[in-house]
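K.L.:
Let me begin by handing over the structure; questions about it come next.
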Amino acid sequence: MSGGEGGEEESLEFTPTWVVAAVCFFIIAISFAVERCIHYGGKLLKKKHQRPLFEALQKVKEELMLLGFISLMLTVLQGTLSKMCISEKFVTNMLPCSISDKHKEESAGNNTATMEHLGGLRRLLSESALSQTAYCASKNKVPFLSIEALHHLHVFIFVLAVVHVSFSVLTVLFGGARIRQWKKWEDAIVQQINDTDPSLGHAVTPIHDHAFIKDHFGGIGVHSSILALMHSFCKQFYGAVTKADYLALRLGFIMTHCKSNPKFNFHKYMMRALEDDFKRVVGISWYLWVFVIVFLLVNVNGWHIYFYMAFIPFILLLAIGTKLEHIISELAHEVVEKHVAIEGDLVVKPSDQHFWFSRPQFALILIHFILFQNAFEIGFFFWIWVQYGFHSCILGKVKYILPRLIIGVFVQVLCSYSTLPLYAIVTQMGTNFKKSIFDEHVQAGILGWRAKVKKKHTLKGSLTKPGSSSTDGSTVRIQLGGITQKDAGEIQPVHD
């Protein structure tokens, strides 16, 4: 066995068994505790019939499994990568820091304080790096990727996934809390319906006297599209959804999809729909990993890509908020164009045509990207700060660091308290309603019935002669993201 004076690190063959057992116990205990927490959390959600949140938790488990596999791959390939050597001319371009910064760090970063801070892990990595460098130097080449850089990359991927999941959960929790404040409006509407005498007639009211119209056209004019856009842009900051907005959108949804049920619990349906969408937001899709790779590729010294990319989620979030607010204004504008006065309540007409590409769900894709990109920015900053220090050349000067942090916090707060609640209610103004309109057991029954009908039609098709056709007037076509009726009358949503 070598002594403690710079000899080689010992393998497991000459490591005390109590050390090996202690480390394994510590790692296994933490892993088992996390797994049990997720397991019992899932059981609790199922017990409370929170299926969408349960599925979101399953997404988190999938991310953890993916991280485990990535970790395993990096560990297994470490030996192979350590023996990969390339010509030195290939490692002098596209560096995150300049060569001069490297020399400065080598002269100032090898002091005693730095070594004490990094501890035994840095010494182990340094010795492995020396061995790797010597191996490649014997071939007049340099390492393709150092052991220390591989370790740092390993940590970065873990930090990125944890920060993204954490930020997504916080966004939905705060956004959900904001939406729950609207429940008092829902209860007040139902109470008003109960107190109203149906035998009484409805008063005729000039269109401009309605609060919903005043909120969107008061003082700016109906035909001023530029002012309307400016109003929509500003409204997302101070009053994303007013009581008048909620009343109008709720009534428009009910009159379109469940006219015979004015007491339909629109608020509860909206919360279920948001939970369904949340399970898509919490995961890291393949195109988001592609974004990470592209960022790592273009993070070149002097380009300040990390600074300019911080504005991407900021600009997208403002665009989405403006668009969602403008959709509400467009719904109001349609009513103004068609009516001078209205008998009873004001009713808007939902339509997919108001949304980008006629797809209400497209906004969710952008929100997903915004949350990930913002988490990436914040996670990348803290990873560099902890790993290399606040004055690392990768972070750059303070004038580039502070705006990134301010933008990151602003995006997180605005998305939680304004954009997400806006999305939750405005996307219900599409042509089709979502399957969340049904309770979970009803959804299962409809999907089972659909499977039986499909099987029946397949069997009929196999028995039908070529060229003939067979139709069934009871067919109900259920589409992804919405349900449409065909020759079956109106499906009545389940309500509480």
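K.L.:
Checking the structure you have, find out if any residue of segment 44-53 is at negative phi, of a type outside the set (D, E, K, R) and modelled with pLDDT of 75 or more.
P.N.:
Yes, segment 44-53 contains a residue that is at negative phi, of a type outside the set (D, E, K, R) and modelled with pLDDT of 75 or more.
K.L.:
Out of the residues in segment 263-302 that are of a type in the set (Val, Ile, Thr) and out of contact with any Ser or Thr (no Cβ under 7 Å at 6 or more places or on another chain), which is farthest from residue 177 (Cα to Cα)? Please lay out each step first, then the result.
P.N.:
Of the residues in segment 263-302, the ones of a type in the set (Val, Ile, Thr) are 281-282, 284, 290, 292-294, 298, 300.
From what is left, the residues that are out of contact with any Ser or Thr (no Cβ under 7 Å at 6 or more places or on another chain) are 284, 290, 292-294, 298, 300.
Details: 284: 24, 290: 33, 292: 31, 293: 35, 294: 35, 298: 39, 300: 41 Å.
Applying the filter and picking the extreme gives 300.
K.L.:
For the condition assigned to a helix (DSSP H, G or I), in contact with a helix residue (DSSP H, G or I) (Cβ under 6 Å, 6 or more places away or on another chain), touching a residue at least 40 places away in the same chain (Cβ under 8 Å) and farther than 26 Å from residue 361 by Cα, what is the one hit in 307, 278? If you could, list the steps in order and put the result at the bottom.
P.N.:
Details: 278 fails: farther than 26 Å from residue 361 by Cα.
Just one listed residue meets the conditions, 307.
K.L.:
Could you look through segment 293-335, keep only residues that are buried (at least 17 other Cβ atoms within 10 Å of the Cβ) and among the hydroxyl-bearing types (Ser, Thr, Tyr), and pick out the one that is farthest from the chain's Cα centre (by Cα)?
P.N.:
329
K.L.:
Just checking, does segment 89-101 include any residue being part of a helix (DSSP H, G or I), touching a helix residue (DSSP H, G or I) at 6+ places or on another chain (Cβ under 7 Å) and modelled with pLDDT under 80? Explain how you work it out, then say what you get.
P.N.:
As a first pass, look at segment 89-101 and keep what is part of a helix (DSSP H, G or I): 89-91, 99-101.
From what's left, touching a helix residue (DSSP H, G or I) at 6+ places or on another chain (Cβ under 7 Å): none.
For segment 89-101, residues part of a helix (DSSP H, G or I), touching a helix residue (DSSP H, G or I) at 6+ places or on another chain (Cβ under 7 Å) and modelled with pLDDT under 80: absent.
K.L.:
Which of the residues belonging to segment 324-352 are within 25 Å of residue 418 (Cβ to Cβ) and without any contact (Cβ under 8 Å) to a residue 60 or more places away in the chain?
P.N.:
330, 334
K.L.:
Further, regarding this structure: Checking residue 10 against (1) part of a helix (DSSP H, G or I); (2) surrounded by 10 or more Cβ atoms within 10 Å (Cβ to Cβ); (3) modelled with pLDDT under 75, which test does it fail?
P.N.:
Of the numbered conditions (1) part of a helix (DSSP H, G or I); (2) surrounded by 10 or more Cβ atoms within 10 Å (Cβ to Cβ); (3) modelled with pLDDT under 75, the odd one out for residue 10 is (1).
The values are calculated or read from the model by the stated rules, or taken from the named source; none is laboratory data. Every value quoted in this text rests on a predicted model; they were computed, and no experiment measured them. Using ideal geometry, Cβ is built from the backbone for each residue, glycine included, and neighbour counts are taken over all protein chains shown.
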